[in-house]
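Written below as structure tokens is the structure these notes are about.
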Amino acid sequence: MLTIIYAFISITLLGAILGTGLAIAGKYLAVKKDEKQYNLERALPGVNCGACGYPGCSQYAEAIMEGRTTELTLCNPGGPDTAAKLAEIMGVTVDLTQEKKVAQVHCCGGKDSVEYAFEYKGISDCNAAYGMYQGNKVCKYGCLGFGSCIGACPTEAISYDSHGLVHIDDNKCISCAKCVTVCPVGVIKMIPVSADYIVSCNSKDKGAATKKACKVGCIGCKICEKKSPEGGFRIENFLASIDYSVKGERSSAAEACPSKCILKNK
């Protein structure tokens, strides 16, 4: 019995000694953060999304503090307000004229509009599905619809629509671009938050092939260029895109588009 009591007392004393030692070490050996670095961290949103190119907000603040980067506009979630705070702390000026960009899916080929090459019964993940002949759709450029981007989004800004495609709510999007990174098809692109229209297609196949694969795919007909010559429409690789730096009228192009893939973004 005494042996057990002595063992208990010994372990308790040892634990107390070690605990005291750790407390002393924590107090005297801790690496103190510079107040400026602390303020940089506080100015960042704390999302730790990695969009800035660093693992988290603390690492980005540390890189700024140590002079490993002078780019103060890398925090997409924080936007211009955060960049302005960082610049104030560092005592520098920063260009805040760039418009915020948000993610959007450039595909409107839902279940009722596209042709399928085969029935996929694997893991419900876009990258897994893409590993099987680049997905089960005949069009190899469209949204696969298995929701990898939904799982990657830290703000629940992405959800399914009635056609089985994913839609991004730009009011919730923090511009972290995680969805862009995780999408194996490249169908999610960053566009200005003020974008009025998008070409909701990503296919680079010739028009005839696109027609066979999807009822709402861009066929590169150039009607958009003709109907809205000041709208910033450009055709490359049989696919229309919009130069958003051009502020011309685009509604005529949307109305005349034979496949109706030019959609209002608001």
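Values for this structure:
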quantity	calculated
Unmet criterion (only one of (1) without any contact (Cβ under 8 Å) to a residue 60 or more places away in the chain; (2) touching a strand residue (DSSP E or B) at 6+ places or on another chain (Cβ under 9 Å)) for K247	(2)
Of all residues in segment 83-131 being of a type in the set (D, E, K, R) and under 18 Å from D161 (Cβ atoms), the one that is least open to solvent (accessible area, probe 1.4 Å)	D112
Failed criterion for T97 (all others in (1) among the hydroxyl-bearing types (S, T, Y); (2) modelled with pLDDT of 90 or more; (3) farther than 30 Å from A209 by Cα hold)	(2)
Checking Q134 against (1) open to solvent by less than 30 Å² (accessible area, probe 1.4 Å); (2) more than 24 Å from K260 (Cβ to Cβ); (3) in contact with a Lys or Arg (Cβ under 9 Å, 6 or more places away or on another chain); (4) among the polar types (S, T, N, Q), the condition it does not meet	(1)
Residue match in segment 64-72 (condition: within 20 Å of the chain's Cα centre (by Cα) and either part of a loop (DSSP other than H, G, I, E, B) or within 30 Å of V246 (Cα to Cα) (or both))	yes
Residue within segment 105-115 that is small (G, A, S), touching a residue at least 24 places away in the same chain (Cβ under 8 Å) and within 23 Å of N48 (Cβ to Cβ) present	no
Residues satisfying the stated conditions in segment 24-58, i.e. surrounded by 10 or more Cβ atoms within 10 Å (Cβ to Cβ), part of a helix (DSSP H, G or I) and modelled with pLDDT of 60 or more	I24, K36, Q37, Y38, N39, L40, E41, R42, A43, C57, S58
Near pairs, Cβ below 6 angstrom, 6+ apart or cross-chain, from segment 59-72 (in contact (Cβ under 8 Å) with a residue 24 or more places away in the chain) to any residue that is surrounded by 15 or more Cβ atoms within 10 Å (Cβ to Cβ)	A61/Q37; A61/L40; A61/E41; I64/L40; M65/Q37
Hits in segment 93-144 - residues which are more than 30 Å from S245 (Cβ to Cβ) and of a type in the set (A, V, I, L, M, F, W, C)	V114, A117, F118, I123, C126, A128, A129, M132, V138, L144
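The values are calculated or read from the model by the stated rules, or taken from the named source; none is laboratory data. Please read all numbers here as calculations on a predicted model, not as lab measurements. We place every Cβ from the backbone using ideal geometry, glycine too, and count neighbours over all the protein chains shown. In case anyone asks, the SASA skips ligands and DNA or RNA and just uses the protein heavy atoms, side chains included. Shrake-Rupley method; radii C 1.70, N 1.55, O 1.52, S 1.80 Å.
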